[in-house]
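Take a look at the structure set out below.
The values are calculated or read from the model by the stated rules, or taken from the named source; none is laboratory data. For clarity, every value in this text was computed on a predicted model and none was experimentally measured. Positions of Cβ are backbone-derived with ideal geometry, glycine not excepted, and every protein chain shown enters the neighbour counts.
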Amino acid sequence: MSPFPNRPTIVFLHDSLGCVELWRDFPERLAAATQCNYLVYDRLGYGKSGPFENPVRDKHYLEAEATFLHQLLVEHNLEKVILFGHSDGGSIALLTAALFPERIHALITAGAHVFVEEVTLAGIRAAQEAYTTTNLPQRLAKYHGAKTDALVKAWTETWLSPAFRDWNLTAFLPQITCPALIIQGEDDEFGTPAQVEAIVAGCSGPAQAWLIPGVQHNPHKEVPEEVIKKVEFFLEQFLS
């Protein structure tokens with residue numbers, strides 16, 4: 001039985017190197033503060049899920065994840081859903097809200113991308129370098145095991161490929177009609193405020209931006225208390 005009957009379910013969508021464990025206790029804390037149920041899962045190729053069927057990706061890999069998420073919501077009979085997506089997970093949240101609006105009552109993104117920026121590519125190149133020169137492989141393997149090399153390769157090679165340079169999700173944004181809170185750290189090393197501006201301007205529903213001073217790409221880890229309070233206030237506006 002759900003801890004909070006008749007309340008929405010917050011579905012958490014991890015980033016390009018993330019998994020259930022790397023959310024730490026944030027989902028539980030946010031769910032308790034908002035009196036919502038919650039669901040966290042590892043996408044295929046991450047965490048405790050199975051390995052990629054094919055680590056070679058095209059421009060539509062995030063759309064495929066949105067379709068899978070919708071199937072998951074249907075299978076679990078979740079009809080009142082709030083999405084909280086970080087980075088790649090934020091882009092998936094936006095796509096899901098655009099393509100399958102009937103189940104999505106609100107969405108929150110942190111560090112989401114809707115187009116490719118040079119700062120994003122520079123951040124990925126830096127991560128790629130760190131993977132060969134630091135203990136990053138060992139740190140990631142703690143969570144992803146033998147899948148680590150494949151998921152890092154899938155992320156870096158997809159985004160750094162010339163074919164991905166014109167990837168763009170802005171055409172989907174007008175299909176988003178639910179309330180949206182678009183979060184980004186002002187010092188995000190993977191994106192500029194132009195991402196937030198484009199998302200808020202593009203959504204048809206009520207969308208608000210929150211740029212957090214002194215915060216980088218992981219607001220929910222860097223300032224979790226602030227994020228929880230902000231999301232709680234955001235959801236109170238229409239869930240009450």
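Do we have Ala127 as surrounded by fewer than 23 Cβ atoms within 10 Å (Cβ to Cβ) and either modelled with pLDDT under 95 or within 22 Å of Asp187 (Cβ to Cβ) (or both) here? Step through it out loud before you land on a result.
On the way: surrounded by fewer than 23 Cβ atoms within 10 Å (Cβ to Cβ): yes; either modelled with pLDDT under 95 or within 22 Å of Asp187 (Cβ to Cβ) (or both): yes.
In short, yes.
Could you pull out the residue among Lys48, Lys59 that is under 23 Å from Glu189 (Cα atoms), of a type in the set (D, E, K, R) and not in a helix (DSSP H, G or I)?
Values: Lys48 fails: under 23 Å from Glu189 (Cα atoms).
After applying the criteria, what remains is Lys59.
When you scan region 144-162, do you find a residue that is out of contact with any strand residue (DSSP E or B) (no Cβ under 6 Å at 6 or more places or on another chain), surrounded by fewer than 18 Cβ atoms within 10 Å (Cβ to Cβ) and over 22 Å from Gly18 (Cβ atoms), even just one?
Checked region 144-162: at least one residue is out of contact with any strand residue (DSSP E or B) (no Cβ under 6 Å at 6 or more places or on another chain), surrounded by fewer than 18 Cβ atoms within 10 Å (Cβ to Cβ) and over 22 Å from Gly18 (Cβ atoms).
Look at Pro179 and say whether it is buried (at least 17 other Cβ atoms within 10 Å of the Cβ), touching a Gly at 6+ places or on another chain (Cβ under 7 Å), under 22 Å from Tyr46 (Cβ atoms) and modelled with pLDDT of 95 or more. Before the answer, list the steps.
Working: buried (at least 17 other Cβ atoms within 10 Å of the Cβ): yes; touching a Gly at 6+ places or on another chain (Cβ under 7 Å): yes; under 22 Å from Tyr46 (Cβ atoms): no; modelled with pLDDT of 95 or more: yes.
Here the answer is no, as Pro179 does not meet what is asked.
Say whether the condition of being buried (at least 23 other Cβ atoms within 10 Å of the Cβ), acidic (Asp, Glu) and either closer than 26 Å to Gly185 by Cβ or out of contact with any Pro (no Cβ under 7 Å at 6 or more places or on another chain) (or both) is met by at least one residue in region 73-90. Full working, then the answer.
Just the residues of region 73-90 that are buried (at least 23 other Cβ atoms within 10 Å of the Cβ), to begin with: 81-90.
Remaining after also requiring acidic (Asp, Glu): 88.
Then drop every residue that is not either closer than 26 Å to Gly185 by Cβ or out of contact with any Pro (no Cβ under 7 Å at 6 or more places or on another chain) (or both), which leaves 88.
Yes, because at least one residue in region 73-90 is buried (at least 23 other Cβ atoms within 10 Å of the Cβ), acidic (Asp, Glu) and either closer than 26 Å to Gly185 by Cβ or out of contact with any Pro (no Cβ under 7 Å at 6 or more places or on another chain) (or both).
With the requirement that a residue be in contact (Cβ under 8 Å) with a residue 40 or more places away in the chain and under 18 Å from the mean Cα position of the chain (by Cα), what does region 145-163 give you?
Answer for region 145-163, where residues must be in contact (Cβ under 8 Å) with a residue 40 or more places away in the chain and under 18 Å from the mean Cα position of the chain (by Cα): Leu151, Val152, Ala154, Trp155, Thr158, Trp159.
Residue by residue through region 164-205, note down the ones that are aromatic (Phe, Trp, Tyr), more than 14 Å from the chain's Cα centre (by Cα) and assigned to a loop (DSSP other than H, G, I, E, B).
Just the residues of region 164-205 that are aromatic (Phe, Trp, Tyr), to begin with: 164, 167, 172, 190.
If we keep only those that are more than 14 Å from the chain's Cα centre (by Cα) as well, we get 164, 167, 172.
Residue satisfying the conditions is Trp167 alone.
Considering each residue of region 1-31, count those that are part of a loop (DSSP other than H, G, I, E, B) and at pLDDT 95 or above, and give that number.
Filtering region 1-31 down to residues part of a loop (DSSP other than H, G, I, E, B) leaves 1-8, 14-20, 24-25.
Now drop any that are not at pLDDT 95 or above, which leaves 8, 14-20, 24-25.
Here the count works out to 10.
Within region 1-29, can you find the residues that are in contact (Cβ under 8 Å) with a residue 40 or more places away in the chain and of a type in the set (Val, Ile, Thr)?
Result: Thr9, Ile10, Val11.
Just give me the residues in region 30-61 being farther than 20 Å from Lys147 by Cβ, surrounded by 16 or more Cβ atoms within 10 Å (Cβ to Cβ) and in contact (Cβ under 8 Å) with a residue 40 or more places away in the chain, in sequence order.
Within region 30-61, Leu30, Thr34, Cys36 qualify.
Give me the pairs: first residue in region 213-226 and within 16 Å of Ile108 (Cα to Cα), second residue of a type in the set (S, T, N, Q), beta-carbon distance under 9 Å, and six or more apart or on different chains, which are they?
His217/Ser87; His217/Gln184; Asn218/Ser87; Pro219/Gln184
Take Thr177 and decide whether it is over 15 Å from Ser91 (Cα atoms), touching a residue at least 24 places away in the same chain (Cβ under 8 Å) and polar (S, T, N, Q). Can you show your working first?
Working: over 15 Å from Ser91 (Cα atoms): yes; touching a residue at least 24 places away in the same chain (Cβ under 8 Å): yes; polar (S, T, N, Q): yes.
Considered against the rule, which asks whether it is over 15 Å from Ser91 (Cα atoms), touching a residue at least 24 places away in the same chain (Cβ under 8 Å) and polar (S, T, N, Q), Thr177 comes out as yes.
Could you please find all residues in region 200-240 being of a type in the set (Val, Ile, Thr) and either under 15 Å from Gly85 (Cα atoms) or loosely packed, with under 15 Cβ neighbours inside 10 Å (or both)? Spell out how you get there, then give the answer.
Of region 200-240, the ones of a type in the set (Val, Ile, Thr) are 200, 212, 215, 223, 227-228, 231.
Residues satisfying the conditions are Val227, Ile228, Val231.
Please pick out the residue among Glu186, Glu236, Glu197 that is of a type in the set (D, E, K, R) and touching a Leu at 6+ places or on another chain (Cβ under 6 Å). Lay out the reasoning, then the answer.
On the way: Glu236 fails: touching a Leu at 6+ places or on another chain (Cβ under 6 Å); Glu197 fails: touching a Leu at 6+ places or on another chain (Cβ under 6 Å).
Being of a type in the set (D, E, K, R) and touching a Leu at 6+ places or on another chain (Cβ under 6 Å) holds for just one of Glu186, Glu236, Glu197, which is Glu186.
Restricting attention to region 206-225, does a residue exist that is in contact with a His (Cβ under 6 Å, 6 or more places away or on another chain) and either hydrophobic (A, V, I, L, M, F, W, C) or part of a helix (DSSP H, G or I) (or both)? Give the derivation first.
If we filter region 206-225 for residues that are in contact with a His (Cβ under 6 Å, 6 or more places away or on another chain), which is where we start, we get none.
No, every residue in region 206-225 fails to be in contact with a His (Cβ under 6 Å, 6 or more places away or on another chain) and either hydrophobic (A, V, I, L, M, F, W, C) or part of a helix (DSSP H, G or I) (or both).
Yes or no: Leu121 in contact (Cβ under 8 Å) with a residue 40 or more places away in the chain, hydrophobic (A, V, I, L, M, F, W, C) and surrounded by 15 or more Cβ atoms within 10 Å (Cβ to Cβ)? Let's see the steps before the verdict.
Working: in contact (Cβ under 8 Å) with a residue 40 or more places away in the chain: no; hydrophobic (A, V, I, L, M, F, W, C): yes; surrounded by 15 or more Cβ atoms within 10 Å (Cβ to Cβ): yes.
Considered against the rule, which asks whether it is in contact (Cβ under 8 Å) with a residue 40 or more places away in the chain, hydrophobic (A, V, I, L, M, F, W, C) and surrounded by 15 or more Cβ atoms within 10 Å (Cβ to Cβ), Leu121 comes out as no.
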